[in-house]
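A short write-up of the structure that comes next.
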Amino acid sequence: MSQFLNSVDLWLPGVIAMLVLVAISGFFSASETSLFSLSRDEVREFRMGNARERLVASLLRDPDRLLTAILFWNLLINLSYFAVSVVVSNRLLHAGQQLAAGAFGMLSLLAIIVAGEVIPKSLAVMIPRGLSRWVVYPLAIAVRLLDSVGPTFNRISRLARRTFWPHVKREPYLHADDLERAVDLSGQDEQVVHHERQILHNILDLSEIQVEEVMRPRGSYVTLEQGCTLADFGRETPPGDCVLLQEPDSENLEEMLPLVQIAHLPEDELLRKTEPVLYVPWTANLAYTLQLMMRKFSHVASVVNEFGENIGIVTYDDIMDSVIAPEPSRARRVLRREPVLEVAPGKYHVAGMTTLRYLARRLDLDFEPTGESQLTVAGLLHEEFERFPQIGDECVWEGFRFKVIDADRRGKLRAIVFRDPSGEGTER
């Protein structure tokens, strides 16, 4: 032991360098855990916070870029750490201190595991919000430094893959139909309860349901011009959970203000808490829209038609309702009541914005919308009559007769639906 202490010039510089490196390694480990432990709601809150919090949200908008930078620098630091450890152990070995060299190597490995990984990650899991605010500035610099050499690494990676593994092919995707059959089979031996099986089916259906079928149509949400004040909201609580802000003299939605922010914000900070709105085409499916929302940490997407005009919005909660609810219904969310009411045995009052998918489920029909079919009861009636429906108009669809009982100029439409006694098909 005394011989080891007397040879301080052999190991002290290396130990100091290793302490610095293990501290940097711990920083990157804690940064990775703290930032990726933040929930979606916390990241959305950070987007409307101070400069540090907004920078955290900005880094998490591209998680692949952030994770690549963290792993790259952490790997570089750890390799440097072990290189210094080998040099110090080699010096002790040449000085005749074999026991000290072996013990130093083992302690070095233990130190990088405990101080560089276990302790930083454990602390980061406990206080992710506070820690992420403090690590964000150095982490942003590290990410920016890697950006300058990232394209070069990508080219080298592609060149190596094409040179040494030119025949590697991507594995084929498993189709949604195969997954649905697997879910059905798992339910036959009671491994999955009915409600869980229904949720799995709803998740798989996200790739088949168009966003137009779930969106809230124009007129069912509140829109104000950018630069509005608290007085513009009026005395009554607007419907829904958010207010959409649009450009002056334009119908393009630009930002969203959560209503929960209005209650406790001073006037001068009101519009600093807005979130940008995503844009998706009306033909996009819910799976793509949900993936885009999760990647961008956004709550609202503006649905546009082929002319780029806004025709409605879809929120994160709307898509979650389509997944979790046993019988998801866009009309129920917008109208805040049951869209299909059984007023007599076999007779139903149906709201015009009710989707045909939901109505078919209530009527116990085997119906699946196609790309050219109408999505709602109102759309079906417009197509059948080729004009605005009027009270008393009737048509038959899938063996059920539709009779319009309420129609006004604002688009309010209701029909009574009952089994057609004649048993005929769809007719005008």
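Do any residues in segment 333-345 that are farther than 16 Å from A415 by Cβ and aliphatic (A, V, I, L, M) have Cβ atoms under 6 Å from those of residues that are open to solvent by less than 60 Å² (accessible area, probe 1.4 Å) and in a strand (DSSP E or B), where the two are at least six apart or on different chains, and which pairs are they?
Hits for this filter: V334/R216.
Spot the failing condition for G352; the list is (1) within 28 Å of the chain's Cα centre (by Cα); (2) of a type outside the set (F, W, Y); (3) at pLDDT 85 or above, and only one is missed.
Failed condition: (1).
Report yes if E32 is in contact with a helix residue (DSSP H, G or I) (Cβ under 6 Å, 6 or more places away or on another chain) and either in a helix (DSSP H, G or I) or free of Cβ contacts under 8 Å to residues at least 24 places away in the same chain (or both), otherwise no.
Answer is yes for this residue.
Scan (1) closer than 24 Å to M126 by Cβ; (2) in a helix (DSSP H, G or I) for the single condition G49 breaks and write down its number.
Single failed check for G49: (2).
Can you tell me which of V396, V417 is surrounded by 15 or more Cβ atoms within 10 Å (Cβ to Cβ), out of contact with any Asp or Glu (no Cβ under 7 Å at 6 or more places or on another chain), under 30 Å from N285 (Cα atoms) and at pLDDT 85 or above?
Step by step, each of V396, V417 is checked, and only V417 is surrounded by 15 or more Cβ atoms within 10 Å (Cβ to Cβ), out of contact with any Asp or Glu (no Cβ under 7 Å at 6 or more places or on another chain), under 30 Å from N285 (Cα atoms) and at pLDDT 85 or above.
The values are calculated or read from the model by the stated rules, or taken from the named source; none is laboratory data. The structure displayed is predicted, hence computed values, not measured ones. Neighbour counts run over all protein chains shown; Cβ positions are idealised from the backbone, glycine included. The accessibility values were calculated without ligands, DNA or RNA, using every heavy atom of the protein model including side chains. Shrake-Rupley method; radii C 1.70, N 1.55, O 1.52, S 1.80 Å.
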